[in-house]
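J.: So that we are looking at the same thing, I have put the structure below in C-alpha cells.
The values are calculated or read from the model by the stated rules, or taken from the named source; none is laboratory data. For clarity, every value in this text was computed on a predicted model and none was experimentally measured. Cβ: placed from backbone, ideal geometry, glycine included. Neighbour counts: every protein chain shown. Areas reflect the complete protein model, heavy atoms only, side chains present, ligands, DNA and RNA absent. Shrake-Rupley method; radii C 1.70, N 1.55, O 1.52, S 1.80 Å.
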Amino acid sequence: MKKALDTLEKLTSVLRKPEPAHTIATGNPVHALQATTEAAFAAAPADSEPAPAPGRKAKPATSATPTLLSMKQASAMTTLSVSSIKRMMAAGTFPKPVRLGESRIAFVDAEIHAWVRARIAERG
C-alpha cells in the first residue's frame, strides 16, 4: 500500500502547485490533490481546444458543416405537424428539403431556424 501511495505521489507531483494563502489547509492529501487539480484546470482558457493526440489529425471546425434535421425533428422544432409541413412544402412556404434517398428527406437546420426567425419578425 505504501508503494502505491508513493507512486501516486510521484505521478501527481506534476499537478502540484503552491496552494493560495486563502485556502484552509485541512491536512487531508485527497483535498489537497483535489484543490490543485481544480486550480490546474481552472487556469486553462475555456475556449482553447485540446491538441490532437500525436499521430492524429485535428478535426475540422464543425460550424461550417450543415446540420440536417429529420421531418420529425423539424416538426418538433417548429411545433407544426408533419402534415402541415408537407402542405406548406407543396405551397412553397416552407424551406425546401434535401433529398437523401428515394424515401428520405432532411432539412437544413440553419434554414429552419431562419424560417422561424422570419415568422417571429412578421408578427411585428
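J.: Looking at the stretch 38-45, is at least one residue at pLDDT 75 or above and within 28 Å of the chain's Cα centre (by Cα)? Outline the logic, then answer.
T.: Of the residues in the stretch 38-45, the ones at pLDDT 75 or above are none.
Scanning the stretch 38-45 turns up no residue that is at pLDDT 75 or above and within 28 Å of the chain's Cα centre (by Cα).
J.: Do we have residue 6 as at pLDDT below 95 and either surrounded by 13 or more Cβ atoms within 10 Å (Cβ to Cβ) or assigned to a loop (DSSP other than H, G, I, E, B) (or both) here?
T.: Taking the combined requirement at face value, the residue does not satisfy it.
J.: If residue 77 satisfies every condition in (1) open to solvent by less than 40 Å² (accessible area, probe 1.4 Å); (2) in contact with a Leu (Cβ under 9 Å, 6 or more places away or on another chain); (3) in a helix (DSSP H, G or I) but one, which is the exception?
T.: Here residue 77 meets the rest and fails (1).
J.: Could you check the stretch 94-124 and list, in sequence order, the residues that are part of a strand (DSSP E or B) and surrounded by 10 or more Cβ atoms within 10 Å (Cβ to Cβ)?
T.: Answer for the stretch 94-124, where residues must be part of a strand (DSSP E or B) and surrounded by 10 or more Cβ atoms within 10 Å (Cβ to Cβ): 98, 99, 100, 104, 105, 106, 107, 108.
J.: Follow-up. So, of the residues in the stretch 80-93 that are surrounded by 15 or more Cβ atoms within 10 Å (Cβ to Cβ) and touching a helix residue (DSSP H, G or I) at 6+ places or on another chain (Cβ under 8 Å), which turns out to be farthest from residue 120 (Cα to Cα)?
T.: 85
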